[in-house]
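Student: Below is the structure I would like to discuss, written out as C-alpha coordinates.
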Amino acid sequence: QVRIVESGGGLVEAGGSLRLSCAASGSTFVTMGWYRQGPGKQRELVATITRGGTTNYADSVKGRFTISRDNAENRVYLQMNSLKPEDTAVYYCTVNRGLNYWGQGTQVTVAS
(Lines give C-alpha, C1' and ligand atoms only; values in the text may rest on other atoms or scores of the structure.)
Protein backbone atom coordinates (compact mmCIF):
# COMPACT_ATOMS: atom_id res chain seq x y z
CA GLN A 1 0.00 0.00 0.00
CA VAL A 2 1.30 3.42 -1.00
CA ARG A 3 0.81 6.25 1.47
CA ILE A 4 0.64 9.75 0.02
CA VAL A 5 0.72 12.90 2.15
CA GLU A 6 0.11 16.32 0.60
CA SER A 7 0.69 19.71 2.18
CA GLY A 8 0.96 23.37 1.31
CA GLY A 9 -2.52 24.34 0.25
CA GLY A 10 -4.30 27.39 1.57
CA LEU A 11 -5.85 30.76 0.83
CA VAL A 12 -3.92 33.31 -1.20
CA GLU A 13 -4.74 36.49 -3.05
CA ALA A 14 -4.60 36.67 -6.81
CA GLY A 15 -1.04 37.17 -7.98
CA GLY A 16 0.36 35.35 -4.98
CA SER A 17 2.29 32.11 -4.67
CA LEU A 18 1.98 28.75 -2.97
CA ARG A 19 4.14 25.66 -2.90
CA LEU A 20 2.56 22.23 -2.68
CA SER A 21 4.48 19.25 -1.39
CA CYS A 22 3.75 15.54 -1.64
CA ALA A 23 5.54 12.65 0.03
CA ALA A 24 4.93 9.08 -1.12
CA SER A 25 5.98 5.91 0.67
CA GLY A 26 7.71 3.02 -1.05
CA SER A 27 10.27 2.71 -3.82
CA THR A 28 10.85 5.16 -6.67
CA PHE A 29 7.88 5.97 -8.85
CA VAL A 30 7.98 6.23 -12.63
CA THR A 31 5.87 9.37 -12.80
CA MET A 32 4.73 11.79 -10.14
CA GLY A 33 2.40 14.68 -10.62
CA TRP A 34 -0.49 16.89 -9.72
CA TYR A 35 -4.10 17.03 -10.86
CA ARG A 36 -6.80 19.41 -9.71
CA GLN A 37 -10.58 19.55 -9.53
CA GLY A 38 -12.28 22.91 -9.38
CA PRO A 39 -15.86 23.53 -8.24
CA GLY A 40 -18.26 21.88 -10.65
CA LYS A 41 -15.43 20.73 -12.90
CA GLN A 42 -13.81 17.44 -13.80
CA ARG A 43 -10.42 16.49 -12.48
CA GLU A 44 -7.70 17.75 -14.83
CA LEU A 45 -3.98 17.42 -15.30
CA VAL A 46 -1.81 20.18 -13.88
CA ALA A 47 1.71 18.83 -14.28
CA THR A 48 3.69 15.61 -14.26
CA ILE A 49 7.36 14.74 -14.01
CA THR A 50 9.14 11.50 -14.82
CA ARG A 51 11.92 9.90 -12.84
CA GLY A 52 14.35 11.30 -15.40
CA GLY A 53 13.01 14.82 -15.02
CA THR A 54 10.85 15.18 -18.12
CA THR A 55 7.96 17.51 -17.36
CA ASN A 56 4.52 18.04 -18.82
CA TYR A 57 2.22 20.96 -18.03
CA ALA A 58 -1.35 21.93 -18.77
CA ASP A 59 -1.44 24.92 -21.08
CA SER A 60 -3.30 26.92 -18.44
CA VAL A 61 -0.37 26.78 -16.00
CA LYS A 62 2.64 26.95 -18.31
CA GLY A 63 5.00 29.73 -17.31
CA ARG A 64 3.39 30.07 -13.87
CA PHE A 65 3.76 26.65 -12.23
CA THR A 66 6.91 24.57 -11.84
CA ILE A 67 6.98 20.91 -10.90
CA SER A 68 10.03 19.26 -9.37
CA ARG A 69 10.83 16.05 -7.54
CA ASP A 70 13.32 14.52 -5.15
CA ASN A 71 13.82 10.90 -6.18
CA ALA A 72 15.80 10.03 -3.08
CA GLU A 73 12.95 11.17 -0.82
CA ASN A 74 10.05 10.22 -3.12
CA ARG A 75 8.75 13.77 -2.97
CA VAL A 76 7.18 15.95 -5.62
CA TYR A 77 6.63 19.68 -5.42
CA LEU A 78 4.51 22.21 -7.27
CA GLN A 79 5.58 25.84 -7.12
CA MET A 80 2.61 27.98 -8.12
CA ASN A 81 3.21 31.63 -8.96
CA SER A 82 0.96 34.37 -10.34
CA LEU A 83 -2.05 32.52 -9.04
CA LYS A 84 -5.46 33.32 -10.51
CA PRO A 85 -8.97 32.80 -9.10
CA GLU A 86 -9.51 30.09 -11.72
CA ASP A 87 -6.70 28.10 -10.10
CA THR A 88 -8.99 27.52 -7.14
CA ALA A 89 -9.38 23.77 -6.76
CA VAL A 90 -8.54 20.73 -4.74
CA TYR A 91 -5.07 19.64 -5.84
CA TYR A 92 -4.28 15.93 -5.84
CA CYS A 93 -0.88 14.34 -5.85
CA THR A 94 -0.58 11.22 -7.96
CA VAL A 95 2.23 8.72 -8.35
CA ASN A 96 2.63 5.84 -10.77
CA ARG A 97 4.38 2.53 -10.39
CA GLY A 98 2.40 0.34 -12.72
CA LEU A 99 -0.74 1.53 -10.96
CA ASN A 100 -1.80 5.08 -10.19
CA TYR A 101 -2.05 6.09 -6.56
CA TRP A 102 -3.77 9.25 -5.35
CA GLY A 103 -3.55 11.46 -2.31
CA GLN A 104 -6.52 12.87 -0.43
CA GLY A 105 -6.10 16.33 -1.92
CA THR A 106 -5.26 19.77 -0.59
CA GLN A 107 -7.44 22.83 -1.08
CA VAL A 108 -6.07 25.87 -2.88
CA THR A 109 -8.24 28.97 -2.87
CA VAL A 110 -7.26 32.10 -4.77
CA ALA A 111 -9.18 35.22 -3.80
CA SER A 112 -9.77 37.93 -6.38
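The values are calculated or read from the model by the stated rules, or taken from the named source; none is laboratory data. Only a predicted model underlies this, so the values are computations on that prediction, with no experimental measurement involved. So basically every Cβ, Gly included, is an ideal-geometry build from the backbone, and we count neighbours across all protein chains shown. For accessibility, only protein heavy atoms count, side chains too; no ligands or nucleic acids. Shrake-Rupley method; radii C 1.70, N 1.55, O 1.52, S 1.80 Å.
Student: Would you mind getting the accessible area per residue of the chain, heavy atoms of the protein chains only, 1.4 Å probe, in Å²?
Tutor: Working: 5890 Å² over 112 residues.
Each residue of the chain exposes 53 Å² on average to a 1.4 Å probe.
Student: How much of Trp102 can a 1.4 Å solvent probe reach, expressed as accessible area in Å² and rounded to 10?
Tutor: Accessible surface of Trp102 is approximately 100 Å².
Student: Cβ neighbours within 10 Å, averaged per peptide: list 76-82, 47-53, 90-96 in order, most packed at the top. All intermediate terms of the calculation are to be shown ahead of the outcome.
Tutor: On the way: 76-82: 19.7, 47-53: 15.6, 90-96: 21.6.
Taking the mean over residues of other Cβ atoms within 10 Å, the ranking is 90-96, 76-82, 47-53.
Student: Something else about it: Once Rh for segment 39-78 is found with the Kirkwood sum over Cα pairs, what is the Stokes-Einstein diffusion coefficient at 20 °C and 1.002 mPa s, in µm²/s? The partial results should precede the final answer.
Tutor: Details: Rh = 11.2 Å.
The Stokes-Einstein estimate is 191 µm²/s.
Student: Which one, Pro85, Gly8, Gly105, projects farthest toward the positive side of the charge dipole computed for the chain from Cβ point charges (K/R +1, D/E -1)?
Tutor: Selected residue: Gly105.
Student: How much accessible surface does Ser27 have with a 1.4 Å probe, in Å² rounded to 10?
Tutor: 70 Å²
Student: Here's a follow-up. Which percent of the accessible heavy-atom area of segment 1-98 goes to carbon and sulfur, probe 1.4 angstrom? Each step should come with its number before you reach the end.
Tutor: Details: 2190 of 4990 Å².
The C+S portion of the solvent-accessible surface of segment 1-98 is 44 percent.
Student: Under a 1.4 angstrom probe, counting protein chains only, how are Leu11, Leu18 ranked by accessible area, largest first?
Tutor: Values: Leu11 130, Leu18 30 Å².
From most exposed to least exposed: Leu11, Leu18.
Student: Separation between the Gln37 and Thr66 pseudo-spin-labels, each 7 Å from Cα along Cα→Cβ, expressed in nm?
Tutor: Going from the Gln37 label point to the Thr66 one covers 3.0 nm.
Student: Also, quick follow-up: Given 20 °C and 1.002 mPa s, how large is the Stokes-Einstein diffusion coefficient of segment 28-111 in µm²/s, with Rh as the Kirkwood radius over Cα pairs? Kindly include the intermediate steps, with their values, before the conclusion.
Tutor: Details: Rh = 13.1 Å.
Rounded, D is 164 µm²/s.
Student: What list of ³J(HN,Hα) couplings, whole Hz, do you get for segment 48-63 from phi and the Karplus terms 6.51, -1.76, 1.60, once you set θ to phi - 60° and write x for glycine and proline?
Tutor: 9, 8, 7, 4, x, x, 6, 10, 9, 10, 5, 4, 5, 10, 4, x
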